[in-house]
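Here the structure comes first, spelled out in structure tokens, and everything after it is commentary.
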Amino acid sequence: MPGRRLTVISGLLGLLAVALLLAVGIGAVRIPPLEAIGIILRHLGIHLGAPAPLQDDAILWSIRLPRVLLGVLVGGGLAVSGAALQGLFRNPLADPTVIGVASGASVGAVAAIVLGIAGAFYGSLQLCAFACGVATTLVVYALSRYEGRTETVTLILTGIAVTAITAAAIGFMIARANDQQIRDVVFWSLGSLGGATWPLIAVTTPFVAVGALAALWHARDLDLFTLGEREARHLGVNTERTRLVLIVALALAVGASVAAAGVVAFVGLVVPHLIRLLTGPSHRTLIPASFLAGAALLVLADLGARTLVVPSELPLGVVTSLIGGPFFLWLIWRTRKAHGGWG
């Protein structure tokens, strides 16, 4: 079905383009689409027409565009990670929390806030979250190995156990935090793109790119993993090496995403399921389509987060949960009806 896949990819590109124009144009100061495009082109060295007002230029280039691009990176990175992990583990409920990276990053961020490290230097909170997220993933992987190999079930169960331990650590630190620190922890744990800057985008981009490219490079291997680990090994896949490469690469992508925007729920779980309904299970299409869909979803969710309750701003995780929760319930109902139950 190459034609259908091309149609889906083209449609998602169009959706993302529309989402970007809406997100950079809508706010307290309205910026028309043509003016927004002109501002972006002017900063890229292409001068077309009269320059935009300085206020519009500053708002779009310094505030809205970094926020939108960070949404593209975080949404795309989480969606690709969810799609790859669901294929790797052959588990439709797998998402970035399975390997412990999200919970580990949360421990790092909460520790940075409670211990006062968050204000030590620019990016200190993000650095602590990223380092703890990747370290937690490596710990989960190391604890799951036995006699030189790693079983998928053991890896998932170890991730659940480590996540429970990190939740206890977070609870302990919150119990010792003051009121302002608790508010900071709650705001960060619900997700936000409000801290987006050009330096943060520059730091986040390489890690998300590593995860997305690794998943795309191993797309055929992921297709074979869905047949079963033993079958994939018989068909020439080095299952242990592929699993290690993907887990480390995806941990880098998710760790950078969580460090930049906090914990954003449901994107890595729901988006791959939606794309499979449109394109089928082939990861060569699923990976890029999931990136585009996740990016568009998070950009639009952030647009809603900052415009629905003006002058306040909703946490980004609240909006994604309001979208993802009902959709996932519908998906469960549809699957149960199609298969006549789960038995």
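The values are calculated or read from the model by the stated rules, or taken from the named source; none is laboratory data. Source: prediction; values computed, not measured. Every residue, glycine as well, gets a Cβ built from its backbone with ideal geometry; the counts of neighbours run over all protein chains shown.
Of all residues in the stretch 317-329, one or more are at pLDDT below 85, assigned to a helix (DSSP H, G or I) and of a type in the set (G, A, S). Looking only at residues of the stretch 273-295 that are more than 17 Å from G11 (Cβ to Cβ) and part of a helix (DSSP H, G or I), we find that the one that is nearest to the chain's Cα centre (by Cα) is H273. Within the stretch 174-187, the set of residues being surrounded by 14 or more Cβ atoms within 10 Å (Cβ to Cβ) and farther than 17 Å from V258 by Cβ comprises I174, A177, Q181, I182. Residues that are among the acidic types (D, E) and under 24 Å from the mean Cα position of the chain (by Cα) within the stretch 167-194 comprise just one, D184.
Filtering the stretch 182-204 for residues that are in a helix (DSSP H, G or I), out of contact with any Leu (no Cβ under 8 Å at 6 or more places or on another chain), among the charged types (D, E, K, R) and at pLDDT 90 or above leaves an empty set.
Residues in the stretch 6-22 include at least one that is closer than 30 Å to G228 by Cβ and at pLDDT 90 or above. Being hydroxyl-bearing (S, T, Y) and farther than 28 Å from E151 by Cα is true for just one of S290, S321, S282, S257. Which residue is that? Within the list S290, S321, S282, S257, the selection yields S321.
Yes/no per residue for (1) under 17 Å from the mean Cα position of the chain (by Cα); (2) without any contact (Cβ under 8 Å) to a residue 12 or more places away in the chain:
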site	(1), (2)
L70	yes, no
R90	no, no
L93	yes, no
A102	yes, no
A112	no, no
F130	yes, no
V134	yes, no
V139	no, no
Y146	no, yes
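Can T197 be described as of a type outside the set (F, W, Y), over 16 Å from the mean Cα position of the chain (by Cα) and under 18 Å from D95 (Cβ atoms)? Considered against the rule, which asks whether it is of a type outside the set (F, W, Y), over 16 Å from the mean Cα position of the chain (by Cα) and under 18 Å from D95 (Cβ atoms), T197 comes out as no. Just a yes or no: is a residue in the stretch 43-60 modelled with pLDDT of 90 or more, under 23 Å from L200 (Cα atoms) and among the charged types (D, E, K, R)? No, there is no match, as no residue in the stretch 43-60 is modelled with pLDDT of 90 or more, under 23 Å from L200 (Cα atoms) and among the charged types (D, E, K, R). The residues of the stretch 220-230 that are surrounded by fewer than 19 Cβ atoms within 10 Å (Cβ to Cβ) and in contact with a His (Cβ under 9 Å, 6 or more places away or on another chain), listed by number, are R220, D223, T226. Given the criterion among the aliphatic types (A, V, I, L, M) and under 25 Å from V18 (Cβ atoms), identify the matching residue among L235, L297, L244. After applying the criteria, what remains is L297. Being aliphatic (A, V, I, L, M) and touching a residue at least 60 places away in the same chain (Cβ under 8 Å) is the requirement here; does A256 meet it? When the stated conditions are applied, A256 passes them.
When we screen A118, A84, A94, A36 for residues that are touching a helix residue (DSSP H, G or I) at 6+ places or on another chain (Cβ under 8 Å), part of a helix (DSSP H, G or I) and at pLDDT below 90, the only hit is A36.
Let's see how each residue does on (1) touching a strand residue (DSSP E or B) at 6+ places or on another chain (Cβ under 9 Å); (2) of a type in the set (A, V, I, L, M, F, W, C); (3) touching a residue at least 40 places away in the same chain (Cβ under 8 Å):
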residue	(1), (2), (3)
V24	no, yes, yes
G27	no, no, yes
L34	no, yes, no
I46	no, yes, no
P51	no, no, no
G82	no, no, yes
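For R233, indicate whether it is part of a helix (DSSP H, G or I), buried (at least 18 other Cβ atoms within 10 Å of the Cβ), out of contact with any Gly (no Cβ under 6 Å at 6 or more places or on another chain) and of a type in the set (K, R). No: the conditions fail for R233.
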